[in-house]
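The values are calculated or read from the model by the stated rules, or taken from the named source; none is laboratory data. None of these values were measured; they are calculated from a predicted model. Please note: Cβ atoms are built from the backbone with ideal geometry, for glycine as well, and neighbour counts cover all protein chains shown. The accessibility values were calculated without ligands, DNA or RNA, using every heavy atom of the protein model including side chains. Shrake-Rupley method; radii C 1.70, N 1.55, O 1.52, S 1.80 Å.
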Amino acid sequence: MTKAIIEAQIIDHTEITRDVYRITLQCGSFLSGVSPGQFINLYLNDKSMLLPRPLSICRAEADRVVLVYRVVGKGTKELSGYQSGGSLLISTPLGRGYDLDDVFRTLDGRSGYGRIALVAGGLGVPPMVELAKAIRKRMTGRIKLIAALGFRDETFLIEELESFCDEVQIAVENGSAGFQGNVLAMMEKQGAEADYYLSCGPRPMLKALAVICSGRNKPLQVSLEERMGCGYGACVGCACKTKDRDSGTVKQKKVCKDGPVFFGEEVVWDE
Amino acid sequence: MNDHGLDLSVSIAGVLLENPVTVASGTFSARDSGEFYDINELGAIITKGVAMEPWEGNPTPRIAETYGGMLNSVGLQNPGADAFLREELPYLKMFRPKIIVNIVGKTVAAYCSAAEKLGGADVDMLEINISCPNIKEGGISFGADPKTAAEITREIKRVTAKPIIMKLTPNVADISEIARAVESEGADCVSLINTLLGMRIDVHNKRPVLGNQMGGLSGPAIKPVAVRMVYQVRRAVRIPIIGLGGIMTGEDAAEFLMAGADAVSVGTAALVDPTAPVRIKQELIDFMQQYGYRNLREIRESFLNQNN
C-alpha cells in the first residue's frame, strides 16, 4: 500500500495573522516523498463533520509537515481550537503536485538567464513555500526565482518565501503594505516577466494569468481548488474540465487525483 | 471458513462471495482505493454507474457536508461502456472479489443496451441503478413507481442471463411495493438504499450549496432509515438483499444483517476513511467472535428468533 491514514501529533499551532493558522504536525516517516503542490487530508475529531479537510502542504521536512489555513467555516473553526500536544488523523500526501521536471526542461533548453515566477493569492500562498524550497534545491546560478504574492488585508509567510526566492513582490488589496491592488495588476505595473509561471490562488486570478501566459506564450502550471469529497479519487466530487494538450479532446479530470496542479493550457476556463 | 474458523461467505443468486462486505457504487475506484488497502479483502466490488455512452456529470460543487452525512450531486459521470470494458474491467479482473457492474441509463432501451453489452462481458452480476436522484431522466424515475420498476426489470432480464440486482430508492412511500414488483419480474436480488434526496442552502451567500441545487444524502445520518427499509423489504420478498446506507462500523454491518440483509455495502464511510471496508470487515469478525456466531445466517436468525 502506498498511502495510509496516520495519527499525527500537533507540535505547534499558532495564529500567524487574523484567522490564519499555522499547524505543525509530526507524523513518522510517511512524508519522505512529498512533491510541492500536494495536499493532506485532515480528519476532524468531531465526527458529525464526516469529510476530510484537504489542506495544501506549506512545508514538509522528514517527519514534520506544516499546514497554513484560514478559518472559513465550521470545520476550520473546529480545527483552530486543537491544542499543541494533541493528535489527529491525517492522510499521507495526496494529489499530483507541480511538475518541476517540465520547469527545468523548459529553462535548461534556453540560453542565458531564466526566470521562474511563483504567483499566488491568499491561501494560495502557503504551497508556494514548499515549492520555492524545492526549486531552490534544483536551481543553478543562471536562474532567478521570484514570487508575486497577493493578499486581501494582512500578509503572511513573506519571510519564509524570502529565504528561498531572489525577489518577493507583495500586493495587498487594502494598501496596507506593498503594492495597492491585486497581484496581476502589480505584475503588469512592475513588469514581472518570467519564462515559467507556477501559480495557486482563486480561480479568477488563475484564469486571468492563464490568458496572460497564453498571450506571451509562456508555460504555466496552476493549482486548482474544488470542493472535495474523499480527496483520493474515489467519489468524483471534484471534477474539472480539461482538454488534452495535443489532441484537444475535452475530458473531466479529478482535481484531487489528476491534480490539483494542471497545466494552464490544459484547463477549460470557461464553463 | 477464514483463519478465525468463521464462515463469512454468502451466496447471492448463485454467486459466492467470500465475505459480505462490498463497496457501494460510486464510492470506490480500484486504482485509487487500492492504494490504501488490499482489494482482495472485499467480498465484491460494485462499480460506479456505467452507461452505454460517456456521461459528463453535473456542475460543481458536487459535494456538501451535512450533520453526520453528506450530499452529492455527481450525476453519474462515467466514461461509457466501451471505456469501462477497455480500461477498467481488465484491471478489476486482476483481483479476487466478485465483480458487480452498476448500470445506468436514460431510457429503458439504453438500460437494456448497457445490460446486454456489460452482461456479455466477464462479470459476475449487474446492479441496475433505478434510484439515482441526481439525473433528470432515468434513474429515480424508474425506481419510484412499481409499474416502471417492474417493466425495466422484465426488459433487462430479457437481454442478459447474468443475475441482476435492482438498486432501490428510499424516496418512495412504500419500498416493499417496489421490491415486490421487481421480484415478480425476475430480479435476482435487491440492494437498498440509494441516497435520500436532500438540499443545503448557504444562508450567507443566499444560494444552494450544490451546483445542481439538490443531491443525494448519504452517511450515518441515514442509517436508521436504511435499516428500517431493509427490515420491511425482508418481510416482503424472498430474494437476497444487499443492505447499505450509513454503515460505518462492523456493528452497523451486523445491524443490517439482523434487519435481513444477506450482504452489505460500504459507501460514504470509505470516502471518510479509505480503509473503512476492510476495517468494517474485521470489526464484523470481532463482533461474531464476541458473541460466538459462526456464520452470517446465525446473526440473522438470532434476531429473528428473539423478535418473532
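Brief remarks follow.
- CD proxy at 222 nm, helix term only [per DSSP H run n ≥ 4: -39500 (n - 2.57); per residue of the protein assembly as shown; nearest 500]: -8000 deg cm²/dmol
- For chain A, carbon and sulfur atoms together expose 46% of the accessible surface, with a 1.4 angstrom probe and every protein chain in place.
- Long hydrophobic helices in chain B: the complete DSSP H runs spanning 18 Å or more by Cα along their own axis with mean Kyte-Doolittle hydropathy of at least -1.0 are B:146-159, B:276-291.
- Label-to-label distance, B:R31 versus A:F263, with points set 7 angstrom from Cα along the beta-carbon direction: 1.8 nm.
- Over chain B, Cα pairs under 8 Å with separation of 6+ residues give a relative contact order of 19 percent.
- Within segment A:1-108, the trypsin sites (Lys or Arg not before Pro) that combine a DSSP coil assignment with at most 10 other C-beta atoms in a 10 angstrom radius are A:R18.
- Label positions at A:Q9 and B:F95, each projected 7 Å from the Cα along the C-beta direction, are separated by 3.5 nm.
- For segment A:32-53, heavy-atom accessible area (probe 1.4 Å) falls by no less than 40 Å² from the chain alone to the full protein assembly at A:S48, A:L50, A:L51.
- Per residue accessible area in Å² of segment B:105-188, where ligands, DNA and RNA are left out and the probe is 1.4 Å: 37 Å²
- Exceeding the 25 Å Cα-Cα cut-off - candidates B:K48/B:K106; A:K254/B:K157; B:K48/B:K281; B:K106/B:K167; A:K144/A:K189: A:K254/B:K157
- In segment B:48-77, burial by the other protein chains removes 50 Å² or more of 1.4 Å probe accessible surface, compared with the chain on its own, from B:E56, B:T60, B:I63, B:E65, B:Q77.
- Against the empirical curve 2.2 N^0.38 Å, the C-alpha radius of gyration of segment B:193-270 lands at a ratio of 1.30.
- Per the accessible-area calculation with a 1.4 Å probe, the total area buried between chain B and chain A rounds to 2600 Å².
- Inter-part distance, segment A:86-101 to segment B:258-308, computed on C-alpha centroids, equals 33 Å.
- Heavy-atom accessible surface of segment B:1-90: percent carbon and sulfur, 1.4 Å: 51 percent
- Placing dummy labels 7 Å off each Cα toward the beta-carbon, the span from B:R235 to A:L89 is 3.6 nm.
- Rounded FRET efficiency, nearest 0.05, which uses the C-beta distance separating B:N308 from A:T249 and R0 of 60 Å: 0.50
- You can think of it this way: the chain between B:E87 and B:A13 has 23.9 nm of extra reach, that is 0.36 nm per residue less the Cα-Cα gap.
- Accessible area of chain A divided out per residue, in Å², using a probe of 1.4 angstrom: 43 Å²
- If R0 equals 60 Å, the separation of the Cβ atoms of B:R228 and A:E173 corresponds to a calculated FRET efficiency of about 0.70.
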